[in-house]
Structure formats: C-alpha cells, structure tokens
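Novice: Please see the structure below; I have some questions.
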Amino acid sequence: MRTGLVRLARSLPKMLEPLLVQHNFGVHRPKLAVTCSDIPTRYIELLQQKCDVIVCQGTNRADILRSISGAEGILWLTADRLDSEALDAAGHQLKVVSTMTSGMDYVEAEEFVKRGIALGHTPKVVNDPVADIAIGLMLAAARRFHEGRLKIANGQWEMRPQWMLGQDVPGSTVGIVGFGGIGQTILKRLKGFDIGRCLYTGRNRKPEGDEAGALFVDLTTLLRESDFVFVACPLTEQTTKMFNRETFALMKPSSVLINVARGGIIDQVALIEALKSGTIFAAGLDVMTPEPLDTNDPLLSLPNCVVVPHLGTATKQSLLDMFTITANNVLSVLAGGSLVAPFRK
C-alpha cells in the first residue's frame, strides 16, 4: 500500500493532470478551498484547470474559516482544529476534506461520519522522513551533539579520554511505543546499527513485529529494559501524558527518549525534571507542547535535550508527496470516486 501511495505522489504533475482530464466534471467547476498558501504555485495552477480554487492567504483561524465557505472540497493544510465549527463554516454542500498529515488528533472524525462527509489524510508517505528524523535525534541525544556544541561555544573543550562520553547504539535494547508504519520504519533503519534487540508496545501484537524479530511487551517492561525509547504512537485520551513522573522513574538512568509523535504524549514538566535530575540520560524531541515553543521554555536551556521544530516531514519530496495524496483524495471524491487514502479510526 505504501509503495503505491508514494508512486502516486511522486508522479505529480503526471498524475494530477490526467486525473483532471479523465474525470469530467461537466459544466460544473467544483469549488476547492486550500487552507494554506505555502504551496508551490504550479500545483495550485493544475487544480485551477478544472476547479475554482480559493487559497487562504491568512494564517489565523478566522481567515481559514472564511476561505472554506461554500467549498465542495477542502485541502486542509494546517494543524488548526478541524471540527464542527469548521464544517459549519464550509456549509452543507461540502463533500470531502483531506488533511496533509498522518496524525489526526486535531480532527473531530465523528462529525464527518455524522454528516456523511468523506475524510482523507496522508498516511504511510510520512514514514520514511519521520523515521529519518527519529534516528537523527537518537544519535544527537545519545552522543551529546547539543551539549558538545555548547562546550565549544563556551570555551570548555577538554582533551581527555573520559570527556563527553555518550551512549552506545550497537548491542542496545530499543523500545518502540507505537508499532505502526513509523515505528516499523524506525526499526528498519535501526537494523544497520547492530542493535541487540527490539521491544515494542501498543494495542496489539503485530505480525510485522514477529517478522522483524521484535518482541511485544507491556509498557512497564519496555521502559525498564530499553536503552532507547522511541515514541511513535498517536495522541489519544489513553496516550496523553503517558510519559510522566511515574513512567520516567521506571526508565534506566542511561536511557535516551526520542519523541516524533505528538508533544502531548509527554508531561513536559516531568520530562524537564527527569533530565535535570539524571533520571534519564537525554531526550531528542521533534514535537513538544505548545508549538511553536516559547523561546524561554526550560527545555531549551537543557544541555541534554535536543529540540528541533517539528521537522519530521519537512523535506521537499515529502511536501510534494503529501500534497499529491491530499489533492487526489479530494478530486477523486468530487469526480464520483472514492478516497485514495481514507481515514479510519
């Protein structure tokens, strides 16, 4: 499935143009709303061949809600709340919405079911870039990249054998919380690092885990035994602040935590305490709460915390992949077909 979606995405504009030609909308030009203007112009121009396209030029919620009024299809390209208020603002003629994300914690999916509106997203194509960020954060946190840079800047570079020792990846036990597409791709990346074993936890044991030689365990076991803990699960009521004082206390003082999922899965105050006290060795974060993070947030003052600004899917190819799936979701439904990548809870 993932290979098919990636192939579809990377063939834009080769795929979008035939799609517009193949599906005849008749004399009617569907009205599309695009909620963010930070998209290459050539892709908007392709959509304009057969659709009336409104691109939101503002960035606040009021601007977004005004831009979607009267739309039959919406390309929802922001992380702003997609809820009943937004659907009301669009109007009863709305047929389909697609987000440009894999995670859907900001979406009231029940409202779509209630109203009979198709809801799509962009799963699977995010697996590679997010896994890459996860591995980068693992190495940066384990080998003290940020702290080392601070040492240089402060004139504290020392020349002795035991200075700035980090944690070893080869032979380590890696724990992955959430073994979906991203978690599985992280494990594939780790195979080249000669790790000792992989543990994972989630709602169910998965055949992909068995095939990869990973062991399904409960969260407590994973935290107690893992040298590296990757957070790759969705943000839900059950996972909100899953990492807190109690769970950090279960982890090894040499352990490294990497979060590429959602900031709300971690109690940030408890994380700061754990990093300051040495309860855990280090953390690497691509996500946090809130986003953008305040410039005075204590996380930024910690030498053993590597923080990057939600860069998981921030590559040129990933943007095009995700936009293509989003556009194809919407166009397919408006042309009488089905979603390319439907969201299912």
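Novice: Hey, could you check the stretch 95-104 for residues that are touching a Ser or Thr at 6+ places or on another chain (Cβ under 7 Å) and assigned to a loop (DSSP other than H, G, I, E, B) and say which is surrounded by the most Cβ atoms within 10 Å (Cβ to Cβ)?
Specialist: Here the residue is Met100.
Novice: I've got another one for you. On the given criteria, is Glu208 over 23 Å from the mean Cα position of the chain (by Cα) and acidic (Asp, Glu)? I'd like the intermediate steps shown before the answer.
Specialist: Values: over 23 Å from the mean Cα position of the chain (by Cα): no; acidic (Asp, Glu): yes.
Judged against the criteria, Glu208 is not a match.
Novice: Restricting to the stretch 41-94, name every residue that is within 25 Å of Ser318 (Cβ to Cβ), assigned to a helix (DSSP H, G or I) and open to solvent by 60 Å² or more (accessible area, probe 1.4 Å).
Specialist: Listed by number, the residues that qualify are Thr41, Arg42, Glu45.
Novice: So, in the stretch 275-330, exactly how many residues are crowded, with 24+ Cβ neighbours inside 10 Å, part of a strand (DSSP E or B) and not β-branched (Val, Ile, Thr)?
Specialist: 4
Novice: Going through the stretch 173-186 one residue at a time, which ones are in contact with a strand residue (DSSP E or B) (Cβ under 6 Å, 6 or more places away or on another chain) and buried (at least 22 other Cβ atoms within 10 Å of the Cβ)?
Specialist: Narrowing the stretch 173-186 to residues in contact with a strand residue (DSSP E or B) (Cβ under 6 Å, 6 or more places away or on another chain): 173-177, 179, 183, 186.
Scanning the stretch 173-186 gives Val174, Gly175, Ile176, Val177, Phe179, Gly183, Ile186.
Novice: How do the pairs read when you match residues in the stretch 294-319 that are farther than 18 Å from Asn259 by Cα with residues anywhere that are not in a helix (DSSP H, G or I) and not aromatic (Phe, Trp, Tyr), using Cβ under 8 Å and keeping only pairs 6 or more apart or on different chains?
Specialist: So the pair list comes out as Ser318/Val125; Ser318/Val126; Leu319/Thr313.
Novice: Only residues that are among the charged types (D, E, K, R) and either open to solvent by less than 20 Å² (accessible area, probe 1.4 Å) or at pLDDT 95 or above (or both): list them for the stretch 187-220, please.
Specialist: Once the filter is applied, which keeps residues that are among the charged types (D, E, K, R) and either open to solvent by less than 20 Å² (accessible area, probe 1.4 Å) or at pLDDT 95 or above (or both), the stretch 187-220 yields Lys188, Arg189, Asp194, Arg197, Arg205, Lys206, Glu208, Asp210, Glu211, Asp218.
Novice: While we're here: Of all residues in the stretch 113-145, which are part of a helix (DSSP H, G or I), farther than 30 Å from Leu334 by Cα and open to solvent by 60 Å² or more (accessible area, probe 1.4 Å)?
Specialist: Asp132, Phe145
The values are calculated or read from the model by the stated rules, or taken from the named source; none is laboratory data. No experiment lies behind these values; they were computed from the predicted model shown. A quick note on method: Cβ atoms are made from the backbone with ideal geometry, for glycine too, and the neighbour counts reach across all protein chains shown. The accessibility values were calculated without ligands, DNA or RNA, using every heavy atom of the protein model including side chains. Shrake-Rupley method; radii C 1.70, N 1.55, O 1.52, S 1.80 Å.
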